[in-house]
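What follows is a short report on a single structure.
Every number in this text was worked out from the coordinates using simple rules, so none of it is lab data. Please read these numbers as outputs of a predicted model, since none were measured by experiment. With ideal geometry, Cβ positions are generated from the backbone for all residues, glycine too; neighbour counts draw on all protein chains shown.
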Amino acid sequence: MPADKQILFGLCTTPGANWREKVEEIGQLGLTQIALLPTALKPDERKVLYAALAECAGLAIPYVHLRDDFTVAEIDYLVEHFKTKFFSCHADEKGYAFLDKTPKYNSVIFVENFANEKRDKMFTPELFAKHQVSGICLDLAHLEEAKQASKRHYKRLSGMADKFTIGITHLSGVKTSVLYKIFNKTYVDHSLDSLNDLLYLKNYPPHYFAKIIVMEMENSFLEQAEIKKYLETIIK
């Protein structure tokens, strides 16, 4: 894998995920860097998470996915205490409203694509220009799902990926069983069961993999360590 790219372990907080176990693993595995995706945590819950992470000596969090209830003060805290350099938000009304109220950090907040054509209606060059978007957080699993569902939608998303800077890349598993292929559908899985669910990544060009690559997975960090080794062999 190119030396200028790094794959970060992802601490996801989707409903049912146990982030406390992940925090314990940070010390057990001696991790010094992780990515943080506090998608399901409200402000008070995030404070508890930050306090736990602060106990991990020397931990840096280069990338954080933002919710619309974040504040500039909270981002300032992450930058100061965890050396966070990059963020992302969704391409929807709340995401753009957040960008508009945080011009201080616009240059390091990247906008993430969805998989659904209807939800991606705001993922456009015009809105990027209006809200001063600096680049894309490209979710390749969502892109693969779009590829299977709608050639028109996939062509538009890939065109955006070719046109704009890709600052962050998200990776998850994609299941493509015979049944799903019959109905031209895929299933994005944030809890990886098989390395085969990452084979779709071989079909994407090198520039779709940003310098910061995030494993958006609920798997334990021990499992992510093995997944990372595999990813390093297929990301060229």
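Shown is the FRET efficiency for Asn116 and Leu199, computed with R0 = 25 Å from the Cβ-Cβ distance and rounded to the nearest 0.05: 0.60. Let me know the shape class of the range 132-236, please: from the alpha-carbon gyration tensor, a ≥ b ≥ c as square roots of the eigenvalues, rounded when a/c is under 1.5, otherwise prolate if a/b is greater than b/c, or oblate. Oblate, because a/c is 1.5 or more while a/b does not exceed b/c.
When a/c is below 1.5 the answer is rounded, else prolate if a/b is larger than b/c, else oblate, so apply that to the chain with a ≥ b ≥ c taken from the square roots of the Cα gyration tensor eigenvalues.
Numbers: a/c = 1.65, a/b = 1.14, b/c = 1.45.
Oblate is the answer for the chain, as a/c is 1.5 or above yet b/c matches or exceeds a/b.
Taking every C-alpha pair closer than 8 Å and separated by at least 6 residues, the mean separation divided by the residue count of the chain gives a relative contact order of 22 percent.
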